[in-house]
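A.B. asks: Submitted below is the structure of interest, expressed as structure tokens.
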Amino acid sequence: MTELIVVVGAAVLSGGRLLAARRSAPVELAGRWELPGGKVEPGESPERALVRELREELGVSAEVVRRVPGEYALRAPYVLRVWTVRLLAGSSEPLALQDHDALRWLTADEVWDVDWLDQDVPAVAEVARVVWGE
Ligand code: 9L3
Ligand code: MG
């Protein structure tokens with residue numbers, strides 16, 4: 001049996017808005033929006049992976065707040081799990097995009113205005129529910 005590999009996704013929240021990031025690669029995902037993050041490395045905790053991925057992908061310092069319920073299927077053997085995250089002081093804006101080419105801070109009213117990756121849609125719905133009570 002193949003072990004699951006967890007992909008961590010960050011629901012970065014600031015001032016009641018959710019950060020959405022538009023992927024620039026690979027081509028089949030480019031232009032679609034996601035909760036930023038990536039694969040947990042062997043021996044790494046998901047929380048450390050989240051902090052590492054946000055530093056690598058966006059150039060920000062962040063701390064994990066709490067787990068968003070649910071587990072979202074990606075192409076096997078990957079599954080997506082999501083945490084709410086806040087940026088640390090002095091790190092209020094992403095500095096250096098690595099795997100993305102645009103960012104948006106979405107209000108509750110705007111959350112479905114971007115073309116989320118199919119796999120992120122149920123995760124974002126759960127984030128909206130826990131954050132904005134929708
Ligand atoms: N993925 C889907 N939704 C997300 C994230 C962070 C990742 N919110 C998918 C895209 C890739 C795989 O998981 O197929 C690994 O992600 P990455 O390491 O390419 O960011
Ligand atoms: Mg990534």
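A.B. asks: Give the residue that is farthest from ligand 2 (Cβ to nearest atom), with candidates limited to residues of the range 1-37 that are part of a loop (DSSP other than H, G, I, E, B) and closer than 15 Å to Glu53 by Cα.
C.D. replies: This residue is Leu35.
A.B. asks: When you scan the range 41-55, do you find a residue that is within 12 Å of ligand 1 (Cβ to nearest atom), in contact (Cβ under 8 Å) with a residue 24 or more places away in the chain and among the basic types (Lys, Arg), even just one?
C.D. replies: No, the range 41-55 contains no residue that is within 12 Å of ligand 1 (Cβ to nearest atom), in contact (Cβ under 8 Å) with a residue 24 or more places away in the chain and among the basic types (Lys, Arg).
A.B. asks: Okay, moving on. Please go through (1) farther than 18 Å from Ala96 by Cβ; (2) of a type in the set (A, V, I, L, M, F, W, C); (3) more than 10 Å from ligand 1 (Cβ to nearest atom) for Val60 and return the number of the only condition it doesn't satisfy.
C.D. replies: (1)
A.B. asks: Where in the range 41-134 are there strands (runs of 3 or more DSSP E), lying wholly inside it, with at least 2 residues that are among the aromatic types (Phe, Trp, Tyr) and closer than 16 Å to Val6 by Cβ?
C.D. replies: Filter on the range 41-134 gives 78-87.
A.B. asks: Tell me the residue from Ala123, Ala76, Ala89, Ala102 that is within 13 Å of the chain's Cα centre (by Cα) and either within 15 Å of ligand 2 (Cβ to nearest atom) or modelled with pLDDT under 95 (or both), please.
C.D. replies: None of the others qualify; the one that does is Ala123.
A.B. asks: On to the next question. Kindly indicate whether any position in the range 42-56 is in contact with a strand residue (DSSP E or B) (Cβ under 8 Å, 6 or more places away or on another chain) and closer than 20 Å to Ala128 by Cβ.
C.D. replies: yes
The values are calculated or read from the model by the stated rules, or taken from the named source; none is laboratory data. Only a predicted model underlies this, so the values are computations on that prediction, with no experimental measurement involved. Glycine also receives a Cβ, built like all others from the backbone with ideal geometry; neighbour counts cover every protein chain displayed.
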